Amino acid sequence: MKRATSKKVKQLPATSEWTFEAIDAYHTEIARVAANFGLDSYPAQIELITSEQMMDAYASVGMPVNYHHWSFGKHFLSTEKSYRRGQMGLAYEIVINSNPCIAYLMEENTLTMQALVIAHAAYGHNSFFKGNYLFRTWTNADAIIDYLVFARNYIAQCEERHGEEEVELLLDSCHALMNLGVDRYKRPPKLSLAKEKLRQAERTEYLQSQVNELWRTLPVHDAKPGKVSAPRFPPEPEENLLYFVEKHAPLLEPWQREVVRIVRKVAQYFFPQRQTQVMNEGWACFWHYTLINKLYDEGLLADSFMLEFLQSHTNVVYQPSYNDRWYSGINPYALGFAMWQDIKRICEDPTEEDRAWFPDIAGSDWRETFDFAMKNFKDESFVAQYLSPKIMRDFRMFAILDDEHEAKLKVSAIHDETGYRRVREILSDQYNLGSREPNIQVWNVDLRGDRSLTLRHQQYRKRPLGGSIDEVMKHMARLWGFTVRLETQHEDGTVELVQETRLEKRRGQAEN
Amino acid sequence: MTRIIDRRFDSKNKSAVNRQRFMRRFKQQIRRAVNDAIQDRSIRDLDNGEQITIPSKDLSEPQFQHGRGGIWEQVFSGNDQFASGDLINRPPSGGGGGRGQGKASNEGEGEDDFVFHLSREEFLDIFFDDLALPNLVRTQLARITDYKTQRAGFKSDGSPANINIVRSMRGALGRRLALGSPFSARLRELQKELERVIEESGEDCEEALKLKDEIGRLRAKIEAIPFIDSFDLRYNNRIRVPKPTTQAVMFCVMDVSGSMDEEKKATAKRFFMLLYLFLTRTYEHIDVVFIRHHTVAKEVDEEEFFHSRESGGTVVSSALKLMHEVIAERYAHGTWNIYGAQASDGDNWDNDSPICRELLGAQILPWCQYFAYIEITPGEPQNLWREYEKLSGEHKNFAMQRIEEPADIYPVFRELFKKNFV
């Protein structure tokens, strides 16, 4: 960092206490520099909140409004406890993918932290939300807040009409299946509050009045009695369990379908965030680092400000080693920041190695390359595409193969000439949601028999299902209303029944 | 367009509803935890919240996950010794070492218990739930002592709103007088001198001018004394006085003979707690005397009262005698309200029960505001019960009840609460 000492510039305030004027001044400068770099973002809305409110925000998964559910209360209590005991600092910021982009700053932060957070959240994350293809496709920043308000009111209405207990049970079941309630490949229509409201009434009526496929019990006059197999339902396996429940579960009331739909939509909204952690955090870190340094170079910042800033920054992007007490996997902030810095280096100052590995970006304009990379990748493909040998060396990466049938662990590749590609491949797979989470799809419904539903789990690298299968299956059965089975298909093609949850009591009978 | 919005004063308890839902959902677990907590509490310690622990597996949110097993291949950082193809022993399961994100997170958050803090209100609510208290009584008990503010003279610091102007000005005047008096005396002298000089040698003589000059300087000095200074300020002193100002003593009498098991003691404890809670709402200062007995009675501290084990026969009168002695010795001079609470399983040495009745009726009840007896037993009434029954007709301040579970406790106090609250 060289300081431009030639011309005298008025420094921004460097006190540790923040004021609204100071935040405004910093924000104006940061916005100016960001615009010079050509960052395209939603307008920023900066909100100052207390730590209490920050914990509230934590509890409702970062959203400013959300429906009520005990699990949010649980999160609030545990956050509150660890915060009060000093076991955990709160995040300095929460940023919401909405238009305008809402960034929360916490009252307790120093002025330096506020400036860092503005650069990080209101420009870093914000521009990522606006640019990245996953967010563009799957989320609708203009409508999300409205939709959540709608969801909250709708669920409150249901509670009044049908009882909190009933709604809570339904939400429990939906939450259990939330991760499997997203479309991974099919693009959803954009959310819009107006349309949503308009269609909601229509949809509920229509759905209920429509003869459900499952109820289509008109006797089938088999023209050819020798027919071998009945048509499958669903014709193709369905990956989105909640979608399937919403559309096809025979016994759900209209309002229950709507609640399932709400949970599904919320899950879908968070889906891109789970897939772009490294990129997104790295991108935000890169920009707060770059923007603040630019201001410093212009002579706007005091040295004391800079020292505090650098200390926080290095804390965030620190990567402990595998044998370190603090190690908990690869730090997405560290990896992301290093990769973006590295891409910039490859663009501006490529080595021979870079030219061999990245012929298309070595020596290119870094802003254009950045834009392309930010817009068109997710963690998995980003790592596969841009992880350079230099980063692997810097992080001293190595891959361990853990096969339960082998007595020992094996180091399958390290950061050397023969291992680079393998390490990169493995790391990329680590970020692939498809392999991180079990692949479970709706396989079959026994239309002509007991209406039982069969889920099929495609095993990945012989990993069994763990956790509370039992519980989740009960939730699935509650939603479906009839027996639910779970099968596992092994990699050699054999199928094994893992769990069968019977639910024979029909609602009507249960109530009598 | 950018906006900076101050949300700090917006609604605070956004999560309050979610918290309530959580409490309702896990009422069973929380109640169990509160019961455990009561065992460890002092009976005087009812005005605090409580740290509550629930096994986290009871409140897990289930999800489909990968389990342990199969093939995992993961990238770690910070290689310091490995070359590709090395074989390593598996680290002991669960142990730290190089086990990274993948494995650990797939195993969930570990088996730690979920700990959180119940507020005082929430704690009391659950406590009362068990005792089946009527609502009116609940609200009365949970109320925190009212204070009233009272004037108590003046003090030299306080908030500007409380400045007492008269006092402050009086102080300032006194100070001005005191500081100025040497000058004023001199001034008066000079005035006289000046008059004399003017009379003798006219207005414009040198001496007169000199005197005038000095008078002028003295006047300036007097004027320079500040009219009012910060240490002149006096403030009205207001103190908060708790409204009830009386005192009470509570006697806890418990049978600790072999037949009183832990469960019975726990029930007895709630009985004492409830009485104590009632007393704290009515009296400002409360002494508690713990008397336990088997064949002999002994005054002990709370710890020993609830937790030490004794066995042997039962002579209830020994405890009543001791109680009477303590009253006579320490609490007899009329300023104390005396409450007695006795818990027993009713098993007494046969010949002793009539003595108990006499003692209680003649020597103790006349002193007492209220005496409550509970017999914790599921079986037939014992001899002590039958003797006491004779008393309950004669004395209005005596109540007795047979108890099988905590919800039976309240009726013992019904009279007491009715008298004071309704």
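Points to keep in mind about this one:
- Taking the average, over residues, of other Cβ atoms within 10 Å as the packing measure, peptides A:108-121, B:114-127, B:391-404 rank A:108-121, B:114-127, B:391-404 from highest down.
- Mean per-residue shielding of peptide A:420-433 is 2, counting Cβ atoms of other chains within 10 Å of each Cβ.
- Note on the range B:251-315: with charges restricted to the Cβ of Lys and Arg (+1) and Asp and Glu (-1), its dipole about the Cα centre is near 240 debye.
- At least 27 Å along the helix axis (C-alpha) and Kyte average at least -0.5, DSSP helices within chain A: A:277-297
- Note on residue B:241 and residue A:253: their simple-model spin labels are 6.0 nm apart, each label 7 Å out from Cα toward Cβ.
- Amide hydrogen proximity for residue B:373: with H placed 1.01 Å from N in the peptide plane, the residues at 5 or more positions away or on another chain lying under 5 Å are B:342, B:399, B:400, B:401.
- Principal axis dimensions, the range A:304-371 - Cα atoms, whole angstrom, descending: 39, 34, 21
- Relative contact order [Cα under 8 Å, 6+ residues apart], chain A, whole percent: 15
- Shielding of A:465-475 by partner chains, average beta-carbon count, 10 Å: 5
- The protein assembly as shown: radius of gyration over Cα atoms, expressed as a fraction of 2.2 N^0.38 Å: 1.33
- Sparse packing (at most 15 other Cβ atoms within 10 Å of the Cβ) combined with a DSSP loop state is found for the following chymotrypsin sites (Phe, Trp or Tyr not before Pro) in the range A:317-358: A:318, A:326.
- DSSP-defined beta bridges in the range B:247-421 - what % are antiparallel, rounded to 5: 10
- Least to most buried among B:234, B:31 (fewest other Cβ within 10 Å first): B:31, B:234
- Signed unit charges on C-beta, dipole axis of the range A:317-435, positive-most listed residue A:340, A:363, A:322: A:322
- DSSP finds beta bridges in the protein assembly as shown, and of those with both partners inside it, around 50 percent are antiparallel.
- Per-selection Kirkwood Rh - chain A (Cα, Å, 1 d.p.): 26.0
- Most positive-pole-ward Cα, B:316, B:365, B:276, against dipole of chain B from beta carbon charges: B:276
- Rounded to the nearest 20, the size of the Cβ-charge dipole of the range B:160-237 about its Cα centre is 820 debye, with Lys and Arg at +1 and Asp and Glu at -1.
- Per residue, chain B reaches -13500 deg cm²/dmol at 222 nm when only DSSP H runs of four or more residues are counted, each adding -39500 (n - 2.57).
- Annotation: peptides B:380-389, A:235-244, ranked by per-residue average of other Cβ atoms within 10 Å with the highest first, follow the order A:235-244, B:380-389.
- A dipole drawn for the range A:404-499 from +1 and -1 charges on Cβ atoms has a positive end, and of A:413, A:459, A:483 the residue lying farthest that way is A:483.
- Packing-based order for B:183-196, B:319-332, using average beta carbon neighbours within 10 Å, highest first: B:319-332, B:183-196
- Each principal axis of the range B:160-237 carries a Cα extent, and these read 59, 15, 15 Å when sorted largest first.
- Ranked list, fewest to most other Cβ atoms within 10 Å of each Cβ, for A:55, A:279: A:55, A:279
- Among beta bridges that DSSP assigns inside the range A:437-511, antiparallel share in %, nearest 5: 65
- Three principal axis lengths of chain B [C-alpha, angstrom, descending]: 119, 93, 44
- Counting only Cβ charges, +1 for Lys and Arg and -1 for Asp and Glu, the dipole size of chain A around its Cα centre is about 900 debye.
- The GluC sites (Glu not before Pro) of the range A:418-512 that DSSP puts in a loop, and whose beta carbon has at most 13 other beta carbons within 10 Å, are A:491, A:504.
- Across peptide A:386-398, the mean count of Cβ atoms from other chains lying within 10 Å of each residue's own Cβ comes to 3.
- Only helices enter this figure: runs of n ≥ 4 DSSP H residues, each worth -39500 (n - 2.57), summed and divided by the residues of chain A, yield -15500 deg cm²/dmol at 222 nm to the nearest 500.
- Residue-by-residue Karplus 3J(HN,Hα) for the range A:448-458, coefficients 6.51, -1.76, 1.60, Hz, glycine and proline x: 8, x, 8, 6, 6, 10, 10, 9, 10, 9, 8
Every number here is computed from the coordinates shown, using simple stated rules; none is lab data. This one's a predicted model, so the numbers in the text were calculated from it and none came from an experiment. Neighbour counts are summed over all protein chains in view; Cβ atoms, including those assigned to glycine, are modelled from backbone coordinates with ideal geometry.
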